[in-house]
Amino acid sequence: MKKLLLIIISFFALTAKAQKMPGYGLYKIHLTDSGKTIVAEINLASEKQANPKLYYHWYTADGLHVTQGGYEGKVLNGAYNEYYLNKSIKMQGTYLRGLQHNTWKSWNAKGFLTSIYTWNKGVLNGEYSLFDGKGRLIEQGYYKNGLLNGVQVSYLAADSIKQVKYENGKPVPSNSSFWPKLNPARLWHHEKADTISRHK
């Protein structure tokens, strides 16, 4: 009898539940699967027009799906929160009619930030940052219309960085490979210390 009860409880725990959110025309779903718990908002009045280049995130009774250029179920629309089984946050962001939108953040199981990306209706657009396993910044840059654009900075160590300039996703050749690798703030600190020691 206990075994049967455990099976029934497990079945309901793995089944997504939809709950109407009054006043918003949206439904909130709860889904536990593959070592994570997801709480997301869906739009039941989904439009069927889709951009063939974009990836849509949608929901059916058997779970969440991602497909390029279209969808069959109800698109995710609104807040999205994904948790580890210990209830600490894993990923957080917003969907707009099935497409990732605005700021998306992710964390590792220890609670340290691992990435921040900026999206505009399913396309990477804006600043991004990557962090190591202890939440320290290791890389940052910009996307424009899904392509790297501008200066990408990689933090190699406490006193050195690497900078690469991108235009439309392609690196732009640099005339100097020495100066961009030095951290200007750290370099200034060493020069100041040398000046003080010479005047003693």
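FYI, it's all coordinate maths here, none of it is from the lab. Since the model is a prediction, treat every value here as computed from it, not as a measurement. Neighbour counts run over all protein chains shown; Cβ positions are idealised from the backbone, glycine included.
Note the full-extension length gain between Ala109 and Ser174 as 0.36 nm times their separation in residues minus their Cα-Cα distance, in nm to one decimal. Don't skip to the answer; put the middle values down first.
Numbers: separation 65, 0.36 × 65 = 23.40 nm, distance 3.86 nm.
Difference between extended and current length: 19.5 nm.
Quick one: if the Förster radius is 30 Å, what FRET efficiency do Val39 and Leu147 give, using the C-beta to C-beta distance and rounding to 0.05? Intermediate values should be presented prior to the final figure.
Numbers: r = 32 Å, r/R0 = 1.07.
The formula returns an efficiency of 0.40 here.
If the Kirkwood radius is taken over C-alpha pairs of the stretch 16-122, then at 20 °C and 1.002 mPa s the Stokes-Einstein diffusion coefficient equals 152 µm²/s.
What percent do you get for the relative contact order of the stretch 57-149 when only Cα pairs under 8 Å and 6+ apart count? Can you show the working numbers first?
Working: 206 pairs, mean separation 14.5, N = 93.
The value is 16 percent.
In terms of distances greater than 29 angstrom between alpha carbons, the cross-link table entries Lys36/Lys74; Lys53/Lys105; Lys74/Lys110 yield Lys74/Lys110.
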